[in-house]
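Input: a single structure, listed below in structure tokens.
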Amino acid sequence: MTTVYLIVGLPGAGKTTRAKELEVSESALRLTPDDWQMAVFDTDGPTRWRSKERADQRDRIEGKLVEVGMRAAELGLDVVLDFGLWSRDERSALRWIAAARGLRAQVVYLPVAFEEQRSRVADRYESQPGQFHLSEDELRRWHGPFQAPDEEELHGGDIPAVSAGYATWAHWAAERWPSWPNS
Ligand SMILES: Nc1ncnc2c1ncn2[C@@H]1O[C@H](COP(=O)(O)OP(=O)(O)O)[C@@H](O)[C@H]1O
Ligand SMILES: [Mg+2]
């Protein structure tokens, strides 16, 4: 069965590193929105990613990557969505969208402790041109909103019911990722 890997973790957790491993070991298509954002908005300074405009454009990039990723998986390629996916709802939506297409979704969680994260992100910022600047305070604070996947998610258990107000997870996804065509 074709697999869509959902890579989950905070910045510096090692998501892209793992995604690149899967790209090789599973002959998978790796979709890393950071790469697209840096390529499209290549004149951005290191802090421009924080603007509302850029955050909205980022969501639109992700929506198109969900579209192309799900299509590629339908065509038989394993796909790696190297997104971060901090919220359980995002993961539920993508698991639901995959299941609706007869695809297997596999949540891959990379936990990281703050001190390790801080040193990795600092090293990466120094060594890789074009990286987004992330402050120590941001890195610390983001452990709050981040929702680690539970055992149920990690083992492909039942997908939770969609939040009130949405007919299906596809409707929820169309709001979260406005460029996703939901068809
Ligand atoms: N398991 C690991 N142990 C040590 N360093 C790692 C590990 N995984 C990734 N790194 C390093 O940490 C930095 C961040 O990794 P990266 O994969 O870019 O994280 P993310 O995509 O989650 O932000 C990179 O410089 C990478 O080489
Ligand atoms: Mg990354």
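The values are calculated or read from the model by the stated rules, or taken from the named source; none is laboratory data. Only a predicted model underlies this, so the values are computations on that prediction, with no experimental measurement involved. In this analysis, Cβ positions are derived from the backbone assuming ideal geometry, glycine residues included, and neighbour counts consider all displayed protein chains.
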ask   = Trp180 passes all but one of (1) within 16 Å of ligand 2 (Cβ to nearest atom); (2) surrounded by 15 or more Cβ atoms within 10 Å (Cβ to Cβ); which number fails?
value = (1)
ask   = Only one of Pro33, Pro46, Pro11 is within 16 Å of ligand 2 (Cβ to nearest atom) and more than 16 Å from the chain's Cα centre (by Cα); which?
value = Pro46
message = I need every pair where a residue in the range 115-144 that is within 21 Å of Met38 (Cα to Cα) has its Cβ under 6 Å from the Cβ of a residue that is surrounded by 13 or more Cβ atoms within 10 Å (Cβ to Cβ) and of a type in the set (Phe, Trp, Tyr), sequence separation at least 6 or different chains.
response = Gln131/Tyr125; Phe132/Trp49
key: Residue under evaluation Gly45, criteria (1) in a helix (DSSP H, G or I); (2) modelled with pLDDT under 95, criterion not met   = (1)
request  = Take the range 164-183 and flag every residue that is within 22 Å of Glu67 (Cβ to Cβ) and either among the polar types (S, T, N, Q) or assigned to a loop (DSSP other than H, G, I, E, B) (or both).
outcome  = Tyr166, Ala167, Thr168, Trp177, Pro178, Ser179, Trp180, Pro181, Asn182, Ser183
